[in-house]
Amino acid sequence: MSAPTPPLIEAVGLTKHFPVRTGIFNRSASVVRAVDGIDIAIPPGETLGLVGESGCGKTTTGRMLVKLIDPTAGRILFEGKRIEGLDAATMRPVRRHMQIIFQDPYGSLNPRMSVQDTIAEPLEILKIGDARSRREQVRELLEVVGLAPYHAERFPHEFSGGQRQRIGIARALAVRPKLVVCDEPVSALDVSIQAQVINLLKDLQKDFGLTYLFISHDLGVVRHISDRVMVMYLGKVVEVARKRDLYADPQHPYTQALLSAIPLPDPKRRSRRKVIPGDIPSPANPPSGCRFHTRCPHVMHVCREVEPHLMQGAPHHWAACHLVHPPSTPRPAPASV
Ligand code: SF4
């Protein structure tokens with residue numbers, strides 16, 4: 001049996017707590033536990049879908065992995081080397097290998113910068129090539145993402161939302177990254193355009209050998225691009241599995257509810273939608289025990305007191321729920337999820 005491929009990016013015990021400051025002395029009164037000790041490992045060439053409701057910590061996770069924000073605790077390894085404590089100068093050669101595509105194709109582009117300057121900016125910052133080679137590279141990248149070379153002279157307001165997202169993708173690809181964090185890259189787009197952008201991302205993954213962390217609130221969207229899917233709730237990972245296993249046999253009640261909310265293409269088939277009651281609790285004061293217990297239709301006494309840990313129930317399938325793994329179940333040896 002061949003050895004498993006080492007991850008391109010790995011995080012262990014990744015944690016981000018934001019202090020909440022109050023009063024005239026700006027004292028730290030409490031902390032928002034945006035991400036609370038999660039493990040992630042993405043092998044080269046894989047797409048890991050990261051899913052959850054707004055406020056679950058998925059965007060914070062993506063930004064920590066590419067060091068746009070520093071973690072409060074935990075280790076981050078890129079190609080086996082620790083990066084979480086690196087300063088900006090030491091991080092610079094690593095940073096070119098990790099890029100991010102943002103959600104908002106309108107807000108993520110500077111309206112005063114031409115497409116040429118927007119896409120060439122990361123090349124200039126990293127001092128890659130001269131002005132002429134950068135101009136040529138921008139024109140090539142525009143063609144790669146389905147735009148025309150003459151678009152380089154135009155400004156963001158002259159493009160549609162889908163075209164702007166293509167510009168954002170070209171900008172991310174300019175420095176030939178290995179890892180791209182796609183942070184809700186299609187959620188601001190029309191459904192027909194969403195499919196085009198996802199197909200483009202899939203093609204680029206093959207052509208450029210990219211590894212993706214694909215963040216979305218929509219399990220229906222994630223299905224089209226992911227190899228594995230990780231579900232987050234209130235700063236914790238509640239389930240992770242290969243795509244086909246997660247969609248065929250979701251283990252966690254939260255995942256089951258998210259899946260039931262995906263619209264069915266056939267209107268004659270009645271949706272058995274499981275509505276999740278209530279709002280997501282505040283990450284400044286998460287519920288005791290299982291964080292989902294205030295909204296779970298299967299809540300038991302133990303759920304309010306004992307936190308369920310992520311445990312393996314089937315090959316490549318992990319879930320954190322007392323229904324699936326009662327607290328008396330012996331804890332399996334830690335393994336990379
Ligand atoms: Fe629901 Fe309990 Fe499972 Fe949490 S541990 S998801 S409350 S059954």
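The values are calculated or read from the model by the stated rules, or taken from the named source; none is laboratory data. This structure is a prediction, so every number in the text was calculated from the model and none was measured. Don't worry about glycine lacking a Cβ; one is built from the backbone with ideal geometry, like all the others, and counts go over all protein chains shown. The accessibility values were calculated without ligands, DNA or RNA, using every heavy atom of the protein model including side chains. Shrake-Rupley method; radii C 1.70, N 1.55, O 1.52, S 1.80 Å.
Within the listed set ALA174, ALA29, ALA195, the Gaussian network model of the chain (springs between alpha-carbon atoms below 10 Å) gives the highest mean-square fluctuation for ALA29.
Dividing the mean sequence gap of close Cα pairs (under 8 Å, 6+ apart) by how many residues region 20-109 holds gives a relative contact order of 16 percent.
Taking the DSSP bridge list for the chain and keeping only pairs wholly inside it, about 65 percent are antiparallel. Rolling a 1.4 Å probe over the protein chains gives GLU136 an accessible area of about 100 Å².
The HN-Hα couplings worked out from phi for region 43-48 by the Karplus form 6.51 cos²θ - 1.76 cosθ + 1.60 (θ = phi - 60°) are x, x, x, 8, 10, 9 Hz, whole numbers, x standing for Gly and Pro.
Taking N as the number of residues in region 217-256, what is its Cα Rg relative to 2.2 N^0.38 Å? Please report the intermediate quantities before stating the final value.
On the way: Rg = 9.4 Å, N = 40, 2.2 N^0.38 = 8.9 Å.
Relative to the rule-of-thumb radius for its length, region 217-256 sits at 1.05.
Spin-label model, ARG242 to HIS316: label points 7 Å out along the Cα-to-beta-carbon direction sit 0.3 nm apart. Normalised by the number of residues in the chain, the average gap of Cα pairs under 8 Å and 6 or more apart makes the relative contact order 19 percent. Across region 51-64, computed HN-Hα scalar couplings (Karplus, 6.51 cos²θ - 1.76 cosθ + 1.60, θ = phi - 60°) run 10, x, 5, 4, x, 7, x, 5, 5, 4, 4, x, 6, 5 Hz from first to last residue, x flagging Gly and Pro. When +1 charges are put on Lys and Arg Cβ atoms and -1 charges on Asp and Glu Cβ atoms, the dipole computed for the chain relative to its Cα centre reaches about 320 debye. Charge dipole of region 1-135 (Cα centre as origin; +1 on each Lys and Arg Cβ, -1 on each Asp and Glu Cβ, all else neutral): 380 debye, rounded to the nearest 20. The SER30 and ILE262 beta-carbon pair, evaluated with R₀ = 22 Å, returns a calculated FRET efficiency of approximately 0.05.
Structure remark: mean-square fluctuation, Gaussian network model of the chain, C-alpha springs under 10 Å; the largest value among LEU200, LEU126, LEU234 belongs to LEU126. Working from the Cα coordinates of region 98-157, the gyration tensor eigenvalues give, after taking √(5λ), semi-axes of 18, 15, 11 Å in decreasing order. In the chain, taking the dipole from charged Cβ atoms about the Cα centre, the farthest positive-side position among MET300, GLN137, PRO253 is held by MET300.
The solvent-accessible area of SER328, taken with every protein chain present and a 1.4 Å probe, is close to 110 Å².
For ASP39, the solvent-accessible surface computed with a 1.4 Å probe is close to 70 Å², ligands and nucleic acids excluded. Simple spin-label estimate for LYS202 and ARG135 gives 3.8 nm between the two label positions (7 Å along the Cα-to-Cβ direction from each Cα). Value of Rg to Rh for region 106-254, rounded to two decimals, is 1.03; Kirkwood radius and Rg both from alpha-carbon coordinates. Ordered from highest to lowest accessible area with the whole protein assembly present and a 1.4 Å probe, HIS97, HIS298 read as HIS298, HIS97. Distance distribution note for the chain: the fraction of Cα pairs above 26 angstrom is 52%. Across region 82-89, coupling constants 3J(HN,Hα) worked out from phi with the 6.51/-1.76/1.60 Karplus curve, θ = phi - 60°, read 5, 10, 5, x, 6, 7, 4, 5 Hz, and Gly and Pro carry x.
Go through ASP279, ASP117 and list them by solvent-accessible area, largest first, probe radius 1.4 Å.
On the way: ASP279 135, ASP117 75 Å².
Putting ASP279, ASP117 in descending order of accessible area: ASP279, ASP117.
Which of MET300, MET64, MET232 moves most in a GNM of the chain, Cα contacts under 10 Å? Answer for the Gaussian network model of the chain: MET300.
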